[in-house]
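The values are calculated or read from the model by the stated rules, or taken from the named source; none is laboratory data. These numbers come from a predicted model, not from an experiment. With ideal geometry, Cβ positions are generated from the backbone for all residues, glycine too; neighbour counts draw on all protein chains shown.
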Amino acid sequence: MSYTIQGKHIVLGVTGGIAAYKSVELLRLLVKEGTTVRVIMTENACNFVGPMTFEALSRQRVCRTLFETTDEAAVQHIHWAQEAQAVVIAPATANIIGKLAGGIADDALSTFMLAVTCPVLFCPAMNSDMYASQAVQRNLRILKEFGHVLLEPDAGELACGTTGPGRLPDPPVILNAVQGLFAPKDFAGKNVMVTAGPTREAIDPVRFISNPSSGKMGYAIARAAAHRGAAVTLISGPTALTPPPGVRFVPVTSAADMAAAVLSELDRQQVVIKTAAVADFRPAVVSPLKVKKEQAELTLSLERTQDILKAVGARKRRNQILVGFAAETHDMERSATGKLKSKQLDLIVGNLIGSADAGFCADTNRATFYYKDGTSEKIDLMSKADLAHLLLDRVAGIKTED
Ligand code: CTP
């Protein structure tokens, strides 16, 4: 069972607000993730964006009315409701929120919604005074009581000229919330720390020593843990990635910065997962001024950085779970199990780097999990998002001594 959205059937409900243009981009992102999306638009939504745009991007007919003449259309809303694995209504106007809180079914979208049994995400977007109104707030509470998920609107400048909460969040943020609908909430109430990316060790103000870590594996784990209900702290060296929404992000640069951040956050964590590719060496002397090539020596004197994971292992409480990563070019089992013991880990993920589909910059990964009890588990090639969830499944299964 995959917790990611690839291959899932999703219904996108679009209602009549200025922000309907953002739903076009949301649809594009959903399709890019490998989902099948069916779009239902209200008549008002069609005044803002043409159904043709949604049809072209989803490669499916857009449903606008219950009263189409084809046989298929007659019970289409029931069929789509049975098939849907998640529904997202973006933007959700005060009108649709009120109708669905009250059980009113007077058009295609509201009728469809009464037949839906899968998880539903509402993305309210409207003027901030409308959003704050007692009626809308009461209706949102009712939708929450029904078990639906609400994505808070962003605060900012609104189309009506006022400033305040009411803006539809950006499409990647909505996509992230849709992905969250598919994850179990087995990490609710847990604090999870993830380290990711490379570190940079300065030679002078314009040069550094680093490595090609992209941060993708660590960010995928942080995102997956947040989807599973954890309070996530992501401590990351410099990467080109955007931190996942809803995650506490602590950017760092050097191994020493990362050590300080990790050790200061450690005590409140139940789970620590260290994917970061920490530099093992740094220049012994950092020049405060740019080193000119005429003056540069040809040898750079290096010193060891702190082994952060080893320090964490030494301070680990019995009820904390510690996971390390080992990127190896050869002799993986011996190196990974050696690190598992010396750093006092519960689990280490061994990666053989060197192929294009696994390791540093790839979107997929191939790994072996080595456990404290001496057992191991070989994992086939899969996306880093799926591997992140699989790792969390295994972490959830580790018993700690309280
Ligand atoms: N690690 C760390 N601090 C360091 C070096 C590594 O916390 N200074 C962590 C990494 O985040 C990873 C694990 O230790 O989870 C293994 O890292 P790796 O670079 O594979 O191992 P090293 O212990 O550095 O050993 P070597 O480079 O000799 O293989």
field: Residue identified as surrounded by 17 or more Cβ atoms within 10 Å (Cβ to Cβ), among the small types (G, A, S), closer than 27 Å to S210 by Cβ and near the ligand (Cβ under 9 Å from one of its atoms) among A367, A327, A311
entry: A327
message: I'm told T337 meets every condition in (1) at pLDDT 95 or above; (2) closer than 14 Å to T275 by Cβ except one. Can you identify the failing condition by its number?
response: (2)
query: Taking into account only those residues within region 246-265 that are more than 18 Å from A314 (Cβ to Cβ) and either modelled with pLDDT under 95 or among the small types (G, A, S) (or both), which is nearest to the ligand (Cβ to nearest atom)?
result: S254
query: So G338 clears everything in (1) touching a Ser or Thr at 6+ places or on another chain (Cβ under 6 Å); (2) within 15 Å of the ligand (Cβ to nearest atom); (3) more than 30 Å from Y3 (Cα to Cα); (4) of a type outside the set (D, E, K, R) except one condition, right? Which one?
result: (1)
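Condition first: of a type in the set (D, E, K, R), assigned by TED's automatic domain parsing to the domain that holds R228, closer than 19 Å to A220 by Cβ and crowded, with 18+ Cβ neighbours inside 10 Å. Can you find one or more residues in region 379-387 that meet it? Break it down into steps so the answer makes sense when it comes.
Quick first cut of region 379-387, residues of a type in the set (D, E, K, R) only: 380, 384, 386.
Okay, now just the ones that are also assigned by TED's automatic domain parsing to the domain that holds R228, so 380, 384, 386.
Keeping just the survivors that are closer than 19 Å to A220 by Cβ gives 380, 384, 386.
Of the ones still in play, those that are also crowded, with 18+ Cβ neighbours inside 10 Å are 384, 386.
The answer is yes; a qualifying residue exists.
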task: Could you run through region 266-280 and say how many residues are outside any strand (DSSP E or B) and more than 8 Å from the ligand (Cβ to nearest atom)?
output: 5
field: Candidate set: region 266-300, residues that are modelled with pLDDT under 95 and of a type in the set (G, A, S); chosen: the one surrounded by the most Cβ atoms within 10 Å (Cβ to Cβ)
entry: S287
- line: Going through region 189-239 in order, the residues found to be at positive phi and surrounded by fewer than 24 Cβ atoms within 10 Å (Cβ to Cβ) are G189, G229
